[in-house]
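Participant: Here you go, one structure.
Any read-out appearing in this document is the output of simple, stated calculations on the displayed coordinates, not a laboratory observation. This one's a predicted model, so the numbers in the text were calculated from it and none came from an experiment. Here the Cβ is made from the backbone with ideal geometry for all residues, glycine too, and neighbour counts use every protein chain on show.
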Amino acid sequence: MKDYFAHETAVIDEGVQIGAGTKIWHFCHIMTGCTIGENCNLGQNVVVSPEVVLGNNVKVQNNVSIYTGVICEDDVFLGPSMVFTNVINPRSAVRRRDEYMATVVGRGATIGANATVVCGNSIGKFAFIGAGAVVTREVKPYALVVGNPARQVGWMSEYGHRLNFDEENIATCPESHERYRLGDGVVTKIET
């Protein structure tokens, strides 16, 4: 007995693992060999290719294709129509299935609508990729990146608020009141 929901129009191949409480909506295709964690939500017209791994509580908005080589850790948000690639130099007439490159999206990261993540670039935990950005290199944890090519313009809290650091390199999230420290180009949350 399945303990997840799949809309009647969704296609789920044999040999997939889908966690409890996950919802798979209209016209999705879940391919053989992928793993989807608990309490995920896959919007309309989502494709999850073979060997993809989605952690728990991953939210995938409409029209997203998640290609082989992608790993999303827990609590990742993938915005509407964002794009992953898995081959750095695709050609229709050249078979490159053995050249798929890995892309790891760290826990709690957000990738905005219509953003593109070029394969082989990791996204750090709680990073925030702005809508329409094109990621062509690694993104640090808590970094806010925008544009084409994506450039870092700031830092974000775990609650998704821009962090403003004081003269002592300390910032406070306005929603959670959690504090963060900036040092040597790296942000860390100050544990209490």
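Participant: For a label point 7 Å from the Cα of THR32 along Cα→C-beta, name the residues of region 48-70 whose backbone N is under 13 Å from it.
Facilitator: 50-51
Participant: What percent antiparallel are the DSSP beta bridges of region 1-98, to the nearest 5?
Facilitator: 5
Participant: Using DSSP to call loops (not H, G, I, E or B), can you name the GluC sites (Glu not before Pro) in region 5-54 whose Cβ has at most 15 other Cβ atoms within 10 angstrom?
Facilitator: Those that pass, being in a loop and sparsely packed, are GLU8, GLU14.
Participant: Please list, by residue number, every one of the chymotrypsin sites (Phe, Trp or Tyr not before Pro) in region 113-185 that is coil in DSSP and has at most 13 other beta-carbon atoms within 10 Å.
Facilitator: Within region 113-185, the qualifying chymotrypsin sites (Phe, Trp or Tyr not before Pro) (loop, at most 13 other Cβ atoms within 10 Å) are TYR159.
Participant: Then there is this: Return the long-range amide H neighbours of THR103 (sequence gap of 5 or more, or a different chain), with a cut-off of under 5 Å between placed amide H atoms.
Facilitator: VAL70, ILE71, GLY120
Participant: Binned at 10 Å from 0, what are the whole-percent values of the Cα-Cα distance distribution for the chain, short to long?
Facilitator: 10, 35, 32, 18, 5, 1
Participant: From Cα pairs below 8 angstrom and at least 6 apart in sequence, can you work out the relative contact order of the chain, rounded to a whole percent?
Facilitator: Result for the chain is 10 percent.
Participant: Of the lysine pairs in the chain, how many meet both conditions: Cα atoms under 19 Å apart, and a spacing of 8 or more in sequence or different chains?
Facilitator: Close lysine pairs found across the chain: 6.
Participant: Still on this structure, I have one more. As an exercise, identify the trypsin sites (Lys or Arg not before Pro) in region 110-192 lying in DSSP coil whose Cβ has no more than 13 other Cβ atoms within 10 Å.
Facilitator: Loop-located and lightly packed - ARG137.
Participant: Further question on the same structure: Hey, in the GNM for the chain with a 10 angstrom Cα cutoff, which one of ALA131, ALA115, ALA93 fluctuates hardest?
Facilitator: Maximum fluctuation in the GNM of the chain, among the listed residues, is at ALA93.
Participant: Let me ask something else about it. Once each part is reduced to its C-alpha centroid, what is the distance from region 48-80 to region 82-157 in angstrom?
Facilitator: 12
Participant: Per the Kirkwood definition applied to all pairs of different Cα atoms, how many angstroms is the hydrodynamic radius of region 91-153?
Facilitator: When all Cα pairs of region 91-153 are included, the Kirkwood radius is 12.0 Å.
Participant: To continue, here is another question. Using only alpha carbon pairs under 8 Å that are at least six residues apart, calculate the relative contact order of region 112-184 and give it in whole percent.
Facilitator: That works out to 20 percent.
Participant: Using amide H atoms built in the peptide plane, which far-off residues or other-chain residues are under 5 Å from HIS29 H to H?
Facilitator: Result for HIS29 returns VAL11, VAL46, VAL47, VAL48.
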